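Read through the structure below, which is laid out as structure tokens, and then see the notes.
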Amino acid sequence: MHNKTKIIATMGPSCQDEKIILKLIKSGVNVFRINLSHTNQNQLMLYIKTVQKARAKLGVPVGIMIDTRGPEIRIGNFENNSVFLKKGHYFSFVFNKVIGNSEFVSINQPLCIEKTAIGSIILADDGRIKFKVMEKTNNKLICKVISSGELSNNKSLWFKNQHFDFEYLNEQDKQDIKLALECGI
């Protein structure tokens, strides 16, 4: 019987060991996904080599897929790696390379500040924390926290009902794709 469903496993720190990869393949994994938003080029090469060794040992055709970063909207880092934001508190997103605190954090895309309107909704950390834009300047969005939560380093942001004209294949993506091709992906 031919399987019509494929099992895709995302590689990360908890499954980078060859023994674990072998166990996952034996359990039915068909493709290993490497998320380049959380992986540097050294890790990428390590993941690829580990999967290649494991599939050679087992003689099983297992795919490797890379997931490029694309246009990310992310915050920077905090003094103590995270802050807890309370509902009703004011918090700003700034386009400056600064270490964040309980009042502000940097954002990696200046276009977001430029194009976001007052009254817009911003979701952080996969929607766990919600903000409403109350004011803005050339390099800052001043927001009211709508839902409380802990916000930590490098979390993603999503701007509700906003479209930004980002370059979808940036230079880092191009370098990552080139390296993956050189490694046989």
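The values are calculated or read from the model by the stated rules, or taken from the named source; none is laboratory data. Just so you know, these numbers come straight off a predicted model, no measurement behind them. No Cβ is skipped: glycine too gets one built from the backbone with ideal geometry, and neighbour counts run over all protein chains shown. SASA here: full protein model, heavy atoms, side chains in, ligands and nucleic acids out. Shrake-Rupley method; radii C 1.70, N 1.55, O 1.52, S 1.80 Å.
Of note:
- Pair T5, I121: separation of 7 Å Cα→Cβ label points (nm): 3.3
- For the range 41-135, a simple Cβ point-charge model (Lys and Arg +1, Asp and Glu -1, everything else neutral) yields a dipole of about 480 debye relative to the Cα centre.
- For the chain, size of Cβ-based charge dipole, Lys and Arg +1, Asp and Glu -1, in debye: 660
- Segments 165-171, 125-131 sorted - mean Cβ within 10 Å per residue, highest first: 125-131, 165-171
- For S120, residues with placed amide H under 5 Å, excluding near neighbours: V133
- Solvent-accessible area, 1.4 Å probe, carbon plus sulfur percent, for the chain: 51
- Cα-based Lys proximity count in the range 123-185, under 24 Å, for pairs eight or more positions apart or on separate chains: 16
- The chain, helix-only ellipticity at 222 nm - DSSP H runs n ≥ 4, -39,500 (n - 2.57), divided by all residues, nearest 500: -7500 deg cm²/dmol
- Amide H contacts for K136 (H built 1.01 Å from N in the peptide plane; partners 5 or more residues away or on another chain; cut-off under 5 Å): I142.
- Dividing the mean sequence gap of close Cα pairs (under 8 Å, 6+ apart) by how many residues the chain holds gives a relative contact order of 21 percent.
- Estimated vicinal HN-Hα couplings, Hz - the range 104-113 in sequence order (Karplus 6.51, -1.76, 1.60; Gly, Pro = x): 7, 8, 6, 10, 8, 10, x, 4, 5, 5
- Between Q52 and N40, the distance separating the two model label sites (each 7 Å from Cα on the Cα→Cβ line) works out to 2.1 nm.
- Intensity falloff of the range 127-183 expressed as log10 I(q)/I(0), Debye formula with alpha-carbon point scatterers, at q = 0.16, 0.18 Å⁻¹: -0.76, -0.85
- Hits among lysines - C-alpha to C-alpha of K57 under 16 Å, sequence gap 8 or more where chains match: K19, K23, K26, K49
- ³J(HN,Hα), Karplus 6.51/-1.76/1.60, whole Hz, each residue of the range 55-61, x for Gly, Pro: 5, 5, 4, 8, x, 10, x
- Cα gyration tensor category, rounded, prolate or oblate, for the chain with a/c compared to 1.5: prolate
- 3J(HN,Hα) along the range 165-179: 8, 7, 6, 7, 10, 7, 4, 5, 4, 4, 5, 5, 5, 4, 5 Hz, from the Karplus curve 6.51 cos²θ - 1.76 cosθ + 1.60 with θ = phi - 60°, whole Hz, x for Gly and Pro.
- Per residue accessible area in Å² of the range 69-132, where ligands, DNA and RNA are left out and the probe is 1.4 Å: 52
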